[in-house]
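I am attaching a structure below and will ask some questions about it afterwards.
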Amino acid sequence: MKIEVCEWDSLFFNKKIGEIKFDKINQSIKDINKFDLLYVKQDEDELFAIDDFEHTYTETKVIFSKKIKNNSNLITGCVLSAFDTDISKDQIYSLAFESGKFSRFKLDNKFKQSEFEELYKTWIDNSLAKKIADDVLIYRQNNIVLGFVTYKISENYGAIGLIATDPKIQGKGIGTMLIKAVEDKLIYLKISELKIPTQIQNEKACSFYTKLGYNIKEKIVIKHYWKI
């Protein structure tokens, strides 16, 4: 069984990081001790031990999906593209940290808070550079960004990367407007499916997407094993 090197993660965190998908541990995995951290992906949550490695965190990632049929007809006048206006990156960074509050990179204590923040800053920077996103939509009032969403379009579906609203005004419909704005963009481009990733531990987000008509399409368990 081969471990796939996570080149980007390894370079970013300055650690040798690998990824492997299996449900039953095979201690004969070649070169396992060359890695500082393993991302272990499973279909079902089964805990096991890996010699000389410590299990530190488990996350269940879910992908919500919905077939989009019609424009939302929702007034989204405060939602605009970050590419069409001047924005404060710091405001979006702050919201990005909010979007990652259930991230394994934040909740696994083996990662420093500074590493988590730098990761999400880089995610925003790369989204604004259109390296990993086609657009960044923001919700702004009085020149203050109160919410944002990034998304990427593949051949026949769109996928949200990050989404967050200011925690002080959550529950005011801003998240709904951001999602509907993305849906309308996809309808315009004749794309009929939108996927949204989150963690099943993020019950509030899961409930929100369900209310908007999304259903869980994929689920994967991700575990962290650090070399002792």
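Helix 113-128: angle to the longest alpha-carbon principal axis of the chain, degrees 0 to 90, nearest 10?
Helix 113-128 and the main axis of the chain meet at about 50 degrees.
Just going by the charge dipole of the chain, with Lys and Arg at +1 and Asp and Glu at -1 on Cβ, which of Ala133, Asn71, Tyr39 is farthest out on the positive end?
The listed residue farthest towards the positive side: Asn71.
By how many nm would the segment from Lys219 to Phe48 grow when fully extended, if each residue of separation counts as 0.36 nm and the alpha-carbon distance is taken off?
That pair, Lys219 and Phe48, stretches by 59.6 nm at full extension.
Using amide H atoms built 1.01 Å from N in the peptide plane, name the residues 5+ places from Leu194, or on other chains, whose amide H lies under 5 Å from its own.
Correct list: Lys66, Ile68, Gly158.
Given R₀ = 41 Å, what would the calculated FRET efficiency be for Glu4 paired with Asn143, taking r from the Cβ atoms and rounding to 0.05?
0.40
Label Asp31 and Leu80 with points 7 Å out from Cα along Cα→Cβ: what is the distance between them in nm?
5.1 nm
If R0 is 30 Å, what FRET efficiency do you get for Asn109 and Glu155 from their C-beta distance, rounded to 0.05?
Working: r = 39 Å, r/R0 = 1.30.
Efficiency, from the Cβ-Cβ distance: 0.15.
Please give the net charge around Asp134, taking every other residue with its beta carbon less than 10 angstrom from that of Asp134, where Lys and Arg add +1 and Asp and Glu add -1. Don't skip to the end; give the middle numbers.
Values: positive: Lys130, Lys152, Lys185; negative: Asp135.
With Lys, Arg at +1 and Asp, Glu at -1, the neighbours total +2.
May I ask for the net charge around Phe97, where only other residues with Cβ less than 10 Å from the Cβ of Phe97 are counted and Lys, Arg are +1 while Asp, Glu are -1?
Computed value for this residue: +1.
Using Cα atoms only, what is the angle between the long axis of helix 89-99 and the major principal axis of the chain, expressed in degrees (0 to 90) to the nearest 10?
60 degrees
Put a dot 7 Å past each Cα toward the Cβ at Phe12 and Ile169; how far apart are the dots in nm?
2.9 nm
Plugging the Kirkwood radius over Cα pairs into Stokes-Einstein for the chain, at a temperature of 10 °C and a viscosity of 1.306 mPa s, what D comes out in µm²/s? Can you show the working numbers first?
Working: Rh = 18.9 Å.
Translational diffusion coefficient: 84 µm²/s.
Counting DSSP beta bridges with both partners in the chain, what percentage is antiparallel, nearest 5?
Percent antiparallel among DSSP bridges in the chain is about 85.
Can I ask one more? Could you tell me which of the pairs Lys66/Lys110; Lys41/Lys89; Lys106/Lys190; Lys21/Lys195; Lys89/Lys227 are separated by over 31 angstrom between their Cα atoms in the structure shown?
Flagged as over cut-off: Lys66/Lys110; Lys41/Lys89; Lys106/Lys190; Lys89/Lys227.
With every atom except the alpha carbons ignored, what do you get for Rg and Dmax of the range 38-168, in angstroms?
Taking only Cα atoms of the range 38-168, I get Rg and Dmax of 17.5, 56 Å.
Summing -39500 (n - 2.57) over the DSSP H runs of n ≥ 4 in the chain and dividing by its residue number, what mean residue ellipticity at 222 nm do you reach, to the nearest 500 deg cm²/dmol?
-8000 deg cm²/dmol
Residues with beta-carbon under 14 Å from that of Ile187, excluding Ile187: net charge, scoring Lys, Arg +1 and Asp, Glu -1?
+3
Every number here is computed from the coordinates shown, using simple stated rules; none is lab data. Given the structure is predicted, the values throughout are model-derived calculations rather than measurements. For neighbour counting, all protein chains shown are included, and Cβ atoms are generated from backbone atoms with ideal geometry for every residue, glycine included.
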